[in-house]
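To start, the structure itself, in structure tokens.
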Amino acid sequence: MAHILQIDASPRAERSLSRSLAQDFITAWKTAHPSDTVTYRDLGRYPVPHVDESWIAAAFTPPEEHPAELAGALEISDQLIDELFAANRYVFGIPMYNLNVPSAFKAYIDQIVRVHRTFAFDTHGIKGLIEGKKLLVITTRSSDFRPGTPLAAYDFQEPYLRAIFGFIGITDITFVNVQGTNTEGGRAQALAEARAALHQAVANW
């Protein structure tokens, strides 16, 4: 039995393509795997706080040495990291904003990429501490950033997400990128391709 952490990063509600596709996948997955469970987090409409000075001080100080003013500084970070460890699969719906992720999702990343919790240093360098998990990322892009297109070099979203989640040990990552949604014809084709890819993912993920 799998436990899935589902995250939406779009501030849009019913107009969000990434939300709609992620939910379509979860619905199909639950139909095929009715005993699996899902934890849901909506970062788009309920963002987590950005890292601040207290967070940094607490993260780099042994817990037993925390002064009173740092009590609770890592409470949200601990909760988010515990969610990551509790799940063995992740489904993230993330629109592309300015060639990368929305700021709400970047704030989430800053909360979960934490020394001694999700990564550590050993004799070989940096070691990710979250292992054996699978991540499905559904992105939506107004233009086409596929390899070979004029905008391919401007896709900082997928490379960044692969790098940062690989940094904490999550390397089994599947991307379904919905490309070219800014025209009706392009959107229809992109959505058809994405739904076919997600249908395949339900069968093989």
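Which residues, taken from the stretch 145-156, are part of a loop (DSSP other than H, G, I, E, B) and surrounded by fewer than 18 Cβ atoms within 10 Å (Cβ to Cβ)?
Passing the criteria: ARG146, PRO147, GLY148, THR149, PRO150, LEU151, PHE156.
Out of all the residues in the stretch 67-116, which are open to solvent by 50 Å² or more (accessible area, probe 1.4 Å) and in contact with a Phe, Trp or Tyr (Cβ under 8 Å, 6 or more places away or on another chain)?
Answer for the stretch 67-116, where residues must be open to solvent by 50 Å² or more (accessible area, probe 1.4 Å) and in contact with a Phe, Trp or Tyr (Cβ under 8 Å, 6 or more places away or on another chain): LEU99, SER103.
In the stretch 166-181, is there at least one residue being among the aliphatic types (A, V, I, L, M) and not in a strand (DSSP E or B)?
yes
Say whether the condition of being modelled with pLDDT of 95 or more and either of a type in the set (Gly, Ala, Ser) or open to solvent by less than 30 Å² (accessible area, probe 1.4 Å) (or both) is met by at least one residue in the stretch 58-66.
So far as the stretch 58-66 goes, yes, one or more of its residues are modelled with pLDDT of 95 or more and either of a type in the set (Gly, Ala, Ser) or open to solvent by less than 30 Å² (accessible area, probe 1.4 Å) (or both).
Evaluate the following for PHE119: is it surrounded by fewer than 19 Cβ atoms within 10 Å (Cβ to Cβ), at pLDDT 95 or above and aromatic (Phe, Trp, Tyr)?
It is true that PHE119 is surrounded by fewer than 19 Cβ atoms within 10 Å (Cβ to Cβ), at pLDDT 95 or above and aromatic (Phe, Trp, Tyr).
Can you go through ALA107, ALA201 and tell me which one is under 21 Å from GLN6 (Cβ atoms), of a type outside the set (Lys, Arg), within 21 Å of the chain's Cα centre (by Cα) and at pLDDT below 95?
Going through ALA107, ALA201 in turn, the sole match is ALA201.
Here is a list: VAL113, VAL101, VAL137, VAL91. Which entry is farther than 24 Å from HIS3 by Cα, at pLDDT 95 or above and among the β-branched types (Val, Ile, Thr)?
VAL101
Filter the stretch 9-41 down to the residues that are among the aromatic types (Phe, Trp, Tyr) and either in contact with an Asp or Glu (Cβ under 6 Å, 6 or more places away or on another chain) or open to solvent by 60 Å² or more (accessible area, probe 1.4 Å) (or both) and list them by number.
Once the filter is applied, which keeps residues that are among the aromatic types (Phe, Trp, Tyr) and either in contact with an Asp or Glu (Cβ under 6 Å, 6 or more places away or on another chain) or open to solvent by 60 Å² or more (accessible area, probe 1.4 Å) (or both), the stretch 9-41 yields only TYR40.
For residues that are touching a residue at least 12 places away in the same chain (Cβ under 8 Å) and not polar (S, T, N, Q), scanning just the stretch 53-70, find the one that is nearest to PRO11 (Cα to Cα).
My answer is TRP55.
The values are calculated or read from the model by the stated rules, or taken from the named source; none is laboratory data. The structure presented is a predicted model; accordingly, all values stated were derived computationally and were not measured. Cβ: placed from backbone, ideal geometry, glycine included. Neighbour counts: every protein chain shown. The area values use the complete protein model at the heavy-atom level, side chains included, leaving out ligands, DNA and RNA. Shrake-Rupley method; radii C 1.70, N 1.55, O 1.52, S 1.80 Å.
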